[in-house]
Protein chains: 2
Amino acid sequence: MTDSSTPPPTDNPVVVELPPVFARHQAAVGAALRAELESKTLPIYDSLRYYMGWADANGTRRHGPEGKRLRPTLCLLACEAVGGEPADALPVAVAIELAHNFSLIHDDIEDGDRTRHHRPTLWVIWGEATAIVAGNNLLAIGDMAAHRLRAAGADTAVAAGHILTERYLSMMEGQYLDIAYEGRTDVTVDEYLAMIERKTGALIEGAVELGALVGAGGSGDVVDGLRAVGDDLGRIFQIRDDVLGIWGGPALGKPIGADITRKKNSLPVVHVLEHARDAEKRELQRIYAGDEIAASDVERVLEMMDGLGTQSWCQDQAAARWDRARARLASLKLSTDAAREFLELGEYLLVREV
Amino acid sequence: MTDSSTPPPTDNPVVVELPPVFARHQAAVGAALRAELESKTLPIYDSLRYYMGWADANGTRRHGPEGKRLRPTLCLLACEAVGGEPADALPVAVAIELAHNFSLIHDDIEDGDRTRHHRPTLWVIWGEATAIVAGNNLLAIGDMAAHRLRAAGADTAVAAGHILTERYLSMMEGQYLDIAYEGRTDVTVDEYLAMIERKTGALIEGAVELGALVGAGGSGDVVDGLRAVGDDLGRIFQIRDDVLGIWGGPALGKPIGADITRKKNSLPVVHVLEHARDAEKRELQRIYAGDEIAASDVERVLEMMDGLGTQSWCQDQAAARWDRARARLASLKLSTDAAREFLELGEYLLVREV
């Protein structure tokens, strides 16, 4: 028994809290997302309600966490930032979140991943064939949601639909490159960054751009400016994701080096593979040539990353983009509250632990 | 050596020729389809050029047959039938043909089919992960093509985009049902027809409706009428496909009963399973309970189909829809040439051998 008057010592870092903008839009986003699937009775939609976090595998309603909904939150914030009504951007916010989940459902199949957020993936429960179709269904439902932008006028709907499709195609091309890079140890940092620009960046950039487009009622300099901010935020999000994939384990009760064990191409791995020299380079090649990476080899890769300063180099890459984004945000004429919330959100993405 | 002055006896039926409307639109459709993929350099697009019939697996240009392009042909014909310029409907004709090929690429994975039209399927050559992404890419490229309808005005583009997404979703739901029905021997004729209404019918109906919508510059009675004709043509197309899957082998040099051997749910199979009685019903249940169907059992199923008149019952189902479609075509005010070509096309779908 410990003495309850003195808290036990802890190595846990200070918890980085989600900025208030997420909570502010959570209910509207959640309700709009659920509404898209509510009236659907074919059993395949049970699998989608499960994947979205609203139901258990047997269809029972579930009240667990649903994820941050980063993309819809960015979309509504961008809409507000240019003086728009956030509800007007919900159709496109919903479309992007469903497209994001479509990509996760298919990625799980393509990568053979059996769990995501501690739950079995869709294909594990319903089989690959149904999971492929379920993902496709979700993307089409997102497109149906986007068509509701008609209410904001045909021109805005047409412009937004075009941008959405472009971003989906870019995301898919990024996923193709990610698959094509699997097993390669000679992917350069530049190639890797160009890949995540598409795979992850396209939707995050699109969320910000389209929120701004709907809020402003058409294109223009401020929409272009926010699009560029969205591009930076997408890069920052993925770099931080990659850092957490190596060093973020303890906050989640997992060991350090998880993405090394998985042989996942990520920025720290690509960095060490590109910059290690001589004996270390040969050792890395040997480690990555095998089917599996032993715990002792994970330790060796981590040591080499330490020697090269890989973690702080990665964070520096993200920080440089954040400096650029902050300068751009200051130059845009945004509503004061929205500008502050963009700053909070960007700072959060840079240091988040989950 | 046979005497060349007297042709050898043959059991082959009279060859049913493709009506001229296909050849009339072939070049425009082919060029528009190729243009969508022409400038794409990522290797994944090689897999799509292969699947579309334009290249070999190694990327070499290929000059083989490309398929009938039924859906784009119907789309351009419907556009002409209401007095429109067929070129205006090309964006949507292309979108639908690419969506059709998207569905085939994914269906091949979902069904584990290793060949289509005597060529290895995409996943067999490039792997399942790449094939899933390639299919997704193709659908998105189709959507990009559809966005080109903007040139015809934002309202038409928005209306067409909405209908396209609805049809894609319906097609995907049909594919889900087809997967869900696999292995079941109690699927009713009504359930089966409702499934193919979505899986095959949605795109064919959409091709006719959208061609008419673009040609007429908006919705109206003639567009609704042609949509209903498209619905009938879709049903006729799939029923004839199912008949050919059982009895169409000889014209293609294949044995009778191919779809029985494959244990494929199709209208003749569903018909015999629903209508066989007593000892025959039990025998069918035994035959379909096994993992594979022996050649002798295929013979037995064919005998039972003969006994129930399954083939002519199927053809009668198609003929009844054709009677309805013909009456509707006569009631619509279509251009004389287009009306004649619709009649030729419908007659062809009813009796085609390939």
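Where a number appears in this text, it was derived from the coordinates with a stated rule and is not lab data. Since the model is a prediction, treat every value here as computed from it, not as a measurement. Virtual Cβ from ideal backbone geometry, glycine too; neighbours counted across all protein chains shown.
Looking for whichever is exposed (fewer than 14 other Cβ atoms within 10 Å of the Cβ) and either free of Cβ contacts under 8 Å to residues at least 60 places away in the same chain or acidic (Asp, Glu) (or both) here; the options are A:GLY249, A:GLY245, A:GLY257, A:GLY253. Which one fits?
Details: A:GLY249 fails: exposed (fewer than 14 other Cβ atoms within 10 Å of the Cβ); A:GLY245 fails: exposed (fewer than 14 other Cβ atoms within 10 Å of the Cβ); A:GLY257 fails: exposed (fewer than 14 other Cβ atoms within 10 Å of the Cβ).
Among A:GLY249, A:GLY245, A:GLY257, A:GLY253, only A:GLY253 is exposed (fewer than 14 other Cβ atoms within 10 Å of the Cβ) and either free of Cβ contacts under 8 Å to residues at least 60 places away in the same chain or acidic (Asp, Glu) (or both).
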### Query
Can you tell me which residue in the stretch A:113-126 is nearest to the other protein chains (Cβ to nearest Cβ), limited to those that are among the charged types (D, E, K, R) and closer than 22 Å to A:LYS68 by Cβ?
A:ASP113
#### Entry: Filtered residue count, the stretch A:256-300, keeping only those that are over 26 Å from A:ALA318 (Cβ atoms) and either assigned to a loop (DSSP other than H, G, I, E, B) or touching a His at 6+ places or on another chain (Cβ under 8 Å) (or both)
4
### Task
Please work out which residue is surrounded by the fewest Cβ atoms within 10 Å (Cβ to Cβ), limiting yourself to the stretch A:47-66 and to residues that are part of a loop (DSSP other than H, G, I, E, B) and touching a helix residue (DSSP H, G or I) at 6+ places or on another chain (Cβ under 9 Å).
A:ASN58
## Note on the structure
Picking from B:ALA146, B:ALA202, B:ALA134, B:ALA129, the residue that is over 22 Å from the mean Cα position of the chain (by Cα) and either more than 8 Å from every other protein chain (Cβ to nearest Cβ) or surrounded by 19 or more Cβ atoms within 10 Å (Cβ to Cβ) (or both) would be B:ALA129
### Any hit, the stretch A:280-299, residues being buried (at least 19 other Cβ atoms within 10 Å of the Cβ) and under 22 Å from A:THR188 (Cβ atoms)
yes
### Task
Considering every residue within the stretch A:176-185, establish whether at least one is crowded, with 20+ Cβ neighbours inside 10 Å, under 22 Å from A:GLY346 (Cα atoms) and within 20 Å of the chain's Cα centre (by Cα).
no
#### Entry: Options A:GLU110, A:GLU97; residue that is touching a residue at least 60 places away in the same chain (Cβ under 8 Å), over 21 Å from B:LEU177 (Cα atoms), within 20 Å of the chain's Cα centre (by Cα) and within 9 Å of chain B (Cβ to nearest Cβ)
A:GLU110
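For the stretch B:180-226, name all the residues that are of a type in the set (A, V, I, L, M) and farther than 25 Å from B:THR156 by Cβ. Before the answer, list the steps.
To start, the set of residues in the stretch B:180-226 that are of a type in the set (A, V, I, L, M) comprises B:180, B:187, B:189, B:193-196, B:202-204, B:207-208, B:210, B:212-214, B:216, B:222-223, B:226.
Those that are of a type in the set (A, V, I, L, M) and farther than 25 Å from B:THR156 by Cβ: B:ALA180, B:VAL187, B:VAL189, B:LEU193, B:ALA194, B:MET195, B:ILE196.
Counting just the residues of the stretch B:149-172 that are hydroxyl-bearing (Ser, Thr, Tyr) and at the interface with another protein chain (Cβ under 7 Å from one of its Cβ atoms), which one comes out surrounded by the most Cβ atoms within 10 Å (Cβ to Cβ)?
Among those that are hydroxyl-bearing (Ser, Thr, Tyr) and at the interface with another protein chain (Cβ under 7 Å from one of its Cβ atoms), it is B:TYR168.
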### Message
Given the condition within 14 Å of chain B (Cβ to nearest Cβ), hydrophobic (A, V, I, L, M, F, W, C) and over 20 Å from the mean Cα position of the chain (by Cα), answer yes or no: does some residue in the stretch A:27-42 qualify?
### Response
yes
### Task
Mind counting the residues in the stretch B:83-94 that are in a helix (DSSP H, G or I) and either under 19 Å from the mean Cα position of the chain (by Cα) or away from every other protein chain (no Cβ under 14 Å) (or both)?
8
### Task
May I ask you to list pairs of residues, at least six apart or on different chains, whose Cβ atoms are under 7 Å apart, with the first in the stretch B:53-73 being more than 28 Å from B:PRO20 (Cβ to Cβ) and the second being among the hydroxyl-bearing types (Ser, Thr, Tyr)?
B:ASP56/B:TYR50; B:ALA57/B:TYR50
### Query
Looking at the stretch A:14-46, which of its residues are outside any helix (DSSP H, G or I) and more than 18 Å from A:ARG148 (Cα to Cα)?
A:VAL14, A:VAL15, A:VAL16, A:GLU17, A:LEU18, A:PRO19, A:THR41, A:LEU42, A:PRO43
### Summary
Residues of the stretch A:173-199 being within 8 Å of another protein chain (Cβ to nearest Cβ) and under 25 Å from B:PRO91 (Cβ atoms), in sequence order, are A:GLU173, A:TYR176
